[in-house]
Structures are given as structure tokens and as C-alpha cells.
Amino acid sequence: MVVAFNVTDGEQGDWAVLRVSGELDLMTSPVLRQRVHDVVAEGRHSLVLDLSEVWFCDSSGVGVLIATRRLLRSCQGSLRLILPAQGAADGSHVNRVLGALGVRRLFDVHPDVPSAVDGDSRPLSA
């Protein structure tokens, strides 16, 4: 079974939004890495990665998330991740992987795009 990996671009106010779906793994993570670099090259330093449709993430996918965080911090930018609203309770796959690796606390995680781009919203707790 072939599962399509897709990254779609969008904007919400000052935020660039990349919606990611499918498997984030060794084969697909370079695609996401390139899309992130393209966004930053365009001068966009506030990025939301919507991972609510990612159903598998391996260590190379986590590596891209960490590299994205580092890249945006280096240019005084912001990164926010979207994990499903139920992610904090029953754990989306990405949420579980980040937690198991001990890096979940590094990320500003929100349940949906509107809350991520709202300046007054609070991130979900780790």
C-alpha cells in the first residue's frame, strides 16, 4: 500500500502554515526539510507545522522538526506544531514519538491552526 506524503502551503496572518500528511520518515523528511527552507528563504520566520494528518513519524522526521526549530530560532523566528486536539489526551503518533524521545517539551504545540496563530492562546502542556 502506497501512502501519499503531502505538504501544502498556506498562510494565516503573519504565519506561514505547512500542512503535512502521510508518513514522515527517511524517504519523505527531505521534502519537508526543503519546504521549510523555502519558507525561510522567502523571509517567513513564523511557521506553523500542522502535523494532525501525519500518522507515522520516525527519527528522521523528528530530526527535521528539531532542525526546523533550530533554524527558526537562529533567525529569531517562531515554530508552532499542530497535533490533534485529542493528541494530548490519547496521544497522536507524533506526540507519542516526541514524548518517547524526550523532546516534546522543546515544541510549542497547539490543537489546531486557529489557536496556534492566535497571539493570546496558550500551548498544550507537555
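The values are calculated or read from the model by the stated rules, or taken from the named source; none is laboratory data. The model shown is predicted, which means the values in this text are computed figures rather than measured ones. Neighbour counts run over all protein chains shown; Cβ positions are idealised from the backbone, glycine included. Only protein heavy atoms, including side chains, enter the accessible area calculation; ligands, DNA and RNA are left aside. Shrake-Rupley method; radii C 1.70, N 1.55, O 1.52, S 1.80 Å.
Put a dot 7 Å past the Cα of Thr8, heading toward its Cβ, do the same for His37, and the two dots end up 2.6 nm apart. Across region 1-40, Cα pairs under 8 Å and at least six residues apart give a relative contact order of 36 percent.
The Kirkwood radius of the chain, taken over pairs of alpha-carbon atoms, gives through the Stokes-Einstein law at 20 °C and 1.002 mPa s a diffusion coefficient of 149 µm² s⁻¹. Note on the chain: with charges restricted to the Cβ of Lys and Arg (+1) and Asp and Glu (-1), its dipole about the Cα centre is near 500 debye.
Couplings for region 17-31, taken from phi via the Karplus curve 6.51 cos²θ - 1.76 cosθ + 1.60 with θ = phi - 60°, read 10, 10, 9, 10, 9, x, 9, 9, 9, 4, 7, 9, 4, x, 5 Hz in order; Gly and Pro are left as x. In the context of the full set of protein chains, the chain has a per residue accessible area of 53 Å² (1.4 Å probe). Taking amide H as placed 1.01 Å from N in the peptide plane, Phe56 has its amide H under 5 Å from the amide H of Leu24, each at least 5 places away in sequence or on another chain. In the chain, the DSSP beta bridges split such that about 30 percent are antiparallel, to the nearest 5. By the helix-only formula, in which each DSSP H run with n ≥ 4 contributes -39500 (n - 2.57) and the sum is divided by residues, the chain has a 222 nm mean residue ellipticity of -10500 deg cm²/dmol.
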